[in-house]
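To start, the structure itself, in structure tokens.
The values are calculated or read from the model by the stated rules, or taken from the named source; none is laboratory data. If you're wondering where the values come from, they're calculated on a predicted model, not measured in any experiment. For neighbour counting, all protein chains shown are included, and Cβ atoms are generated from backbone atoms with ideal geometry for every residue, glycine included.
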Amino acid sequence: MVFSSILFLFIYLPVVLAVYYIVPSRWRNLWLFVVNLVFYGWGEPVYILLMVFSICLNYVSGLLIGKYVLTDRKKARLVLVINTVLNLAMLFFFKYFDLVARTLSAIPGVRIPTLGLSLPIGISFYTFQTMSYPIDVYRGDSYVQKNFIKFGTFVALFPQLIAGPIVRYKDIARQLDERHESLDQFANGVQRFIVGLAKKVLIANNVGMLWDVYANASPAQLTFVGAWLAAVAFSLQIYFDFSGYSDMAIGLGKMLGFDFLENFNYPYISRSVTEFWRRWHMSLSTWFRDYVYIPLGGSRKGLPRQLINLLIVWSLTGLWHGASWTFLFWGLYYAFFLILEKMFLLKWLDKHKVIGHIYTLLVAISGWVIFQQTSVSQTLVFFRAMYGFGQAGFCAGRDLYYLAGFGLLLAAAIFASLPAGRTLFARLPEKLRSAAVPALIALVLVISTAYLVDSTYNPFLYFRF
Amino acid sequence: MKKTCQIVAIAVFLLFIGGFFVLNIAMPDREFSQQENKYLQMLPEFSFKALFSGKYTKDFEDYTTEQFAFRDAWITMKARCELLSGKKENNGAYYCGDTILPDFDDPGKEEIDRRVDYVNALAEKVDTPVYFGLIPGSTEINASLLPKNAPADSQQTVLDWAYSRSRADANVDLQSALGAHKNEYIFYRTDHHWTSLGAYYGYTALCESMGLTPTSLSAYDRQTVSEDFCGTTWSSSGFTWVEPDTIETFVPDDGSVTVLDLEKDPPQEGPLYVTSFLDVKDKYSMFLGGNSALRSIETGHDGPSLLIVRDSYADSLVPFLLEHFSRIDLVDLRYYRGSLAGYIGENGFDSVLVLYSVPNFTTDQNLFLLSM
């Protein structure tokens, strides 16, 4: 199930909220546990078993580690290693097996059949999230959760289950035991959810169509303007899609009394790639920092070791985004700029702020082209058009058509990716804001509903004849 | 944020999602949507088999969307929002004031060659003369109405290329006949078909190819049979505020014509105009009664016989052809699964017309049956 659907907005959410607030608070975790599984199993009911297995595995590991951590460190460590291996094996099996099988099969004489399993939704998110718990217990950063339902609620918590933010156990441990839902928090949650809904349904889905128009263009069709239009459109789409989803997750969390950490902080205003990754998908960067980079020694073991650590972390970050070597390349692409910045570029960029902005945007936008194109040849078609003028020249009639049709939306999206809107809104007189908030909520709900109802609008036409 | 503002914000949100939750349960489900001309998803029946195959959840999700309260109004609103945001199209159709034009994609020369080769194969296979006609669509004829720089490809290019590769006995010059009258009401504004007037100009082009003398326009008794025809592009675009079209007939159905639907077993006899279609959304189907694998028409006139390999444009053309032929058969390759050459041989047709609109010719997946 996804948030931006009629089913979620008008059936699942009203029922979940109504029952949640009707039942006494001691039953609320159980209710969440049940509806989380419904949410998760909606697309692939069989994978509920996978989810339950994952919950049991990490729950038991947590108990064992908690039991031994102070008395028998070795045993605790053994459990932790086994648990981590099992978690990663599950992720590998469902997500990467086919990639490895295909790659090895390219070697003459080797033939490994692919499995063609459908990817359990959110497995990359919840595996990371769940794994963090036994590690935190082992490190003494977190207490053991003895209540199975509470732990299960954490793992499958529907707001952030399928697209983050990646919530570490230690960050919401206390909220699982005791949370105080309040009017203030609920109202904030509603606002946050609506912001996310608008980002996803009104901006991301629509600018995405612009990318689709150009994505498969032949070199003879793709102009300079067209390529940039498409690349900017996708950069906006992925930001609004992803951050919109995070906003909805954070908003839903608040409605249920949870406070999740932020996941995005206006990444496109960054002045360096280093800063960009501090503002983009922050929960993922934090996870890799805490559970991979720092354990590997981070920057404490000399420069060569630090560079190797960076390469490891960014290879993994790339592959985390998808089971394809394209993503590995995309991760290393970022490692290249990050290392460059660590060595000397960052200091120079500090003094040349405008250049910093331009450079960061170029790296990010070009990076998204690598990220989204499935073939290297099509990526090159885009880069040639973006940087070397493609065969099709500077601009064509259809570019002007799409510029005219999407111009307003693109301008609005660019504005919305800057903090200026929020700043300006905060400066409005209190009274105006008080009136505007409910009106904006209603407006976003109405227009989003129109777009969502239309999304299955697929009339049967005697059109074909 | 002040407390009252918070309460109002929460109330707006909860009333909206809760209100539609209740409304959707309270309002009866519609089986059929006139606006979309399709059957809507009804509440799926639960079974564990359907659940684990994923079919149940998918159907249920379609159900929630297709039975959403005031669905038609939401769809129109989305179309309006698209136009307000500066776009000139919605769901693959261009908004051109009082006219809605479907988009067109040129499939490329190779693909056209592949398709024309099927026509050529038929022409080689049968001794009967084969006429090949491509009808430029509404978007081509009304290209001047398209939004500026609209990326609809030229159908004329496709047509010219196809004719240059055709080895049929004659290519019917429909584009000149229609182009010469492009300011007249020859295409519906809300549908992709040609009007009866458009079909008449198509008929004159065909007469020229076949060496027949067309009846002059003024000799017909024009009758308006519907003034509220909302066609396919009206449905697909969501531009439901565009004024409906008028349907006319030129040739009266005097009962001397016998239309046999051979798809049915036993064959079913029907009229030239099935007027019951005028009461439903799909009004264009009043011409001969819509799609069928095979129809055979005894015209009641003297003359040779003709087989038309059709798309639906042919249905409104047929009335004009009646007086020139004794028998006209219409075969639809989407449904007909026999040997075409065999059927032509068995029935000894005097001529064959392969007649398609350019958009259908470039997309139909059954043209290979021409060569069977």
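Tell me, please, whether a residue that is in contact (Cβ under 8 Å) with a residue 24 or more places away in the chain, aliphatic (A, V, I, L, M) and either within 14 Å of chain B (Cβ to nearest Cβ) or assigned to a helix (DSSP H, G or I) (or both) can be found in segment A:427-439. Checked segment A:427-439: at least one residue is in contact (Cβ under 8 Å) with a residue 24 or more places away in the chain, aliphatic (A, V, I, L, M) and either within 14 Å of chain B (Cβ to nearest Cβ) or assigned to a helix (DSSP H, G or I) (or both).
Considering each residue of segment A:262-273, count those that are surrounded by fewer than 18 Cβ atoms within 10 Å (Cβ to Cβ) and either among the aliphatic types (A, V, I, L, M) or not in a loop (DSSP other than H, G, I, E, B) (or both), and give that number.
Within segment A:262-273, the subset surrounded by fewer than 18 Cβ atoms within 10 Å (Cβ to Cβ) is A:262, A:265-266, A:269.
Among the residues that remain, those that are also either among the aliphatic types (A, V, I, L, M) or not in a loop (DSSP other than H, G, I, E, B) (or both) are: A:269.
Number satisfying all stated conditions: 1.
Residue-by-condition table, conditions (1) of a type in the set (D, E, K, R); (2) within 14 Å of chain B (Cβ to nearest Cβ); (3) in contact (Cβ under 8 Å) with a residue 24 or more places away in the chain; (4) buried (at least 16 other Cβ atoms within 10 Å of the Cβ):
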site: A:353; (1), (2), (3), (4): yes, no, yes, no
site: A:362; (1), (2), (3), (4): no, no, no, no
site: A:382; (1), (2), (3), (4): no, no, yes, yes
site: A:425; (1), (2), (3), (4): no, yes, no, no
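Residues that are in a helix (DSSP H, G or I) and either among the small types (Gly, Ala, Ser) or at positive phi (or both) occur at least once in segment A:76-85.
Pick from segment B:117-160 the residues that are within 14 Å of chain A (Cβ to nearest Cβ), touching a residue at least 60 places away in the same chain (Cβ under 8 Å) and assigned to a loop (DSSP other than H, G, I, E, B): which of them is nearest to residue B:308 (Cα to Cα)? Taking the candidates together, the pick is B:137.
Return yes or no: is residue A:238 farther than 19 Å from residue A:129 by Cβ and out of contact with any Ser or Thr (no Cβ under 7 Å at 6 or more places or on another chain)?
Judged against the criteria, residue A:238 is a match.
Only residues that are touching a helix residue (DSSP H, G or I) at 6+ places or on another chain (Cβ under 7 Å) and among the basic types (Lys, Arg) were counted in segment A:78-117, giving 2. Here residue B:342 meets each of (1) in a helix (DSSP H, G or I); (2) buried (at least 18 other Cβ atoms within 10 Å of the Cβ) with one exception, condition (2).
With the condition kept exactly as written, say whether any residue in segment A:396-409 is surrounded by 15 or more Cβ atoms within 10 Å (Cβ to Cβ), within 14 Å of chain B (Cβ to nearest Cβ) and outside any helix (DSSP H, G or I). The answer is yes; a qualifying residue exists. Note on segment B:10-57: residues that are more than 7 Å from chain A (Cβ to nearest Cβ) and assigned to a strand (DSSP E or B) total 3. Going by the conditions given, is residue B:308 within 14 Å of chain A (Cβ to nearest Cβ), under 27 Å from residue B:361 (Cα atoms), in contact with a strand residue (DSSP E or B) (Cβ under 7 Å, 6 or more places away or on another chain) and part of a strand (DSSP E or B)? Taking the combined requirement at face value, the residue satisfies it.
Scanning segment A:124-172 for residues that are of a type in the set (Gly, Ala, Ser) and either more than 16 Å from residue A:285 (Cα to Cα) or not assigned by TED's automatic domain parsing to the domain that holds residue A:54 (or both) gives A:140, A:142, A:152, A:156.
Just need a number here: residues in segment A:30-43 that are surrounded by fewer than 17 Cβ atoms within 10 Å (Cβ to Cβ) and within 14 Å of chain B (Cβ to nearest Cβ). Here the count works out to 1.
Go through segment B:17-43 and give me each residue that's crowded, with 16+ Cβ neighbours inside 10 Å, within 39 Å of the chain's Cα centre (by Cα) and at pLDDT 90 or above. B:17, B:20, B:21, B:24, listed by residue number. Taken over segment A:151-204, the criterion of being within 12 Å of chain B (Cβ to nearest Cβ), assigned to a helix (DSSP H, G or I) and small (Gly, Ala, Ser) is satisfied by A:187, A:189. Restricted to segment B:74-89, and to residues that are more than 7 Å from every other protein chain (Cβ to nearest Cβ) and under 24 Å from the mean Cα position of the chain (by Cα), which residue is farthest from residue A:43 (Cα to Cα)? It comes out as B:89. When residues in segment B:175-201 are screened for being within 23 Å of residue B:93 (Cβ to Cβ), surrounded by 21 or more Cβ atoms within 10 Å (Cβ to Cβ) and of a type outside the set (S, T, N, Q), 11 of them pass.
In segment A:1-29, the residue that is surrounded by the fewest Cβ atoms within 10 Å (Cβ to Cβ) out of those that are over 24 Å from residue B:51 (Cα atoms) and within 10 Å of another protein chain (Cβ to nearest Cβ) is A:18. Applying the criterion of at least 1 residues that are touching a residue at least 60 places away in the same chain (Cβ under 8 Å) to the strands (runs of 3 or more DSSP E) found wholly in segment B:207-290 leaves B:223-229, B:245-249. When residue A:222 is tested against (1) over 30 Å from residue A:351 (Cβ atoms); (2) modelled with pLDDT under 95; (3) within 19 Å of the chain's Cα centre (by Cα), just one condition goes unmet, and that condition is (3).
In this structure, does residue A:385 turn out to be of a type outside the set (Val, Ile, Thr), touching a Gly at 6+ places or on another chain (Cβ under 8 Å) and either modelled with pLDDT of 90 or more or not assigned by TED's automatic domain parsing to the domain that holds residue A:234 (or both)?
Taking the combined requirement at face value, the residue satisfies it.
Can you say whether residue A:225 is assigned to a helix (DSSP H, G or I) and in contact with a Cys (Cβ under 9 Å, 6 or more places away or on another chain), as far as the supplied structure shows? Criteria met by residue A:225.
Each residue in segment A:320-351 was checked for being over 19 Å from residue A:364 (Cβ atoms) and surrounded by 18 or more Cβ atoms within 10 Å (Cβ to Cβ), and 1 pass.
Against the condition outside the structural domain of residue B:166 (by TED's automatic domain parsing) and farther than 22 Å from residue B:242 by Cβ, how does residue B:53 come out, does it pass? Yes, satisfied.
When you scan segment A:193-213, do you find a residue that is farther than 30 Å from residue A:13 by Cα, buried (at least 21 other Cβ atoms within 10 Å of the Cβ), among the polar types (S, T, N, Q) and modelled with pLDDT under 95, even just one? Within segment A:193-213 (the criterion being farther than 30 Å from residue A:13 by Cα, buried (at least 21 other Cβ atoms within 10 Å of the Cβ), among the polar types (S, T, N, Q) and modelled with pLDDT under 95), the answer is no, since none of the residues qualifies.
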